[in-house]
1. Would you work out which of Thr64, Val25, Leu180 lies farthest towards the positive end of the dipole of the chain, given +1 charges on the beta-carbon of Lys and Arg and -1 on that of Asp and Glu, about the Cα centre?
2. Sequence gap at least 6, Cα distance under 8 Å: using those rules, report the relative contact order of region 53-161 to the nearest whole percent.
3. Sort 128-136, 112-120, 170-178, 57-65 for me by packing, meaning the mean count of neighbouring Cβ atoms within 10 Å per residue, highest on top.
4. Take the alpha carbon gyration tensor of region 169-212, find the square roots of its eigenvalues, order them as a ≥ b ≥ c, and report rounded if a/c is under 1.5; if not, report prolate when a/b exceeds b/c, else oblate.
5. Charges at C-beta only: +1 for Lys and Arg, -1 for Asp and Glu. How large is the resulting dipole of region 16-140 about its Cα centre, in Debye rounded to 20?
6. Under 19 Å Cα-Cα from Lys206, which aspartates and glutamates qualify once same-chain neighbours fewer than 8 residues away are excluded?
7. So with the 1.4 Å probe, I'd like the accessible area per residue for region 58-128, rounded to whole Å².
8. What dipole magnitude, in Debye to the nearest 20, does region 66-133 give about its Cα centre under +1 on Lys/Arg Cβ and -1 on Asp/Glu Cβ?
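The values are calculated or read from the model by the stated rules, or taken from the named source; none is laboratory data. All values derive from a computational prediction rather than experimental measurement. When we count neighbours, we look across all protein chains shown, and the Cβ atoms used for this are built from the backbone with ideal geometry, even at glycine. Note: accessible area is taken over every heavy atom of the protein model, side chains too, but ligands, DNA and RNA are not part of it. Shrake-Rupley method; radii C 1.70, N 1.55, O 1.52, S 1.80 Å.
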Amino acid sequence: MYRHFFKRLFDIVGSIILIWILVPVYLIISVVVMIYMGRPVLFSQMRIGKNEKPFRLYKFRSMTNETDENGKLLGDQQRLTKAGIALRSSSLDELPELFAILKGEMSFVGPRPLPTYYGPYFLEEERKRHKVRGGLIPPDVLCGETTPAWETQFEYDVYYAENVSLWLDIKVIFATFKILFMRMKSNYGAEGRQHLDEYRSYMDAKREEINE
């Protein structure tokens, strides 16, 4: 009953209330982004949703549009600003996702929706994470790490997708406060992470090297 009715009801009611309350915050962050990162205010990217249906996810931008002499965008770390790092560390850049929750593309709790170009790099078992809506708050916060390994993240994602419950959602939500504190303390927003496609390609190359 919770999985098929009340979870969605909580998402609708909760997102409406939070969007209404956070209107001033949206305005303030928009001004900050325009000053330090420029326009557009929002970053958008196609992500993998429930049942692997793609949708467009929106976040507040945390990087500039700086390019090199050939007009190519600089690396992520080079385009990060202090304001962008603060937005990432506090997860305030994720606030526009409340609208995706209201629309039914996401949920408050669920596996983080990943870019569509990651699609070919999921193992069959890992694809079970797409049986549920992606979430603003991921279940891997329960592992207690600010940046878990891909395997750890997917392990928690799959477990969550197969065991959705009110109690599990409550545990994830409360664990988030500790992770947010750890992120802000460790300057999490300045850290980079190897993309899944790069990681899997690297691991495949390592395995081939060992087997030679």
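1. Val25
2. 24 percent
3. Highest to lowest by the protection proxy: 128-136, 57-65, 112-120, 170-178.
4. Verdict is prolate for region 169-212.
5. Numbers: 18 positive and 13 negative charges, 73 e Å.
Once rounded to the nearest 20, the dipole reads 340 debye.
6. Within the straight-line cut-off, Lys206 pairs with Glu151, Asp197, Glu198.
7. Each residue of region 58-128 exposes 49 Å² on average to a 1.4 Å probe.
8. 320 debye
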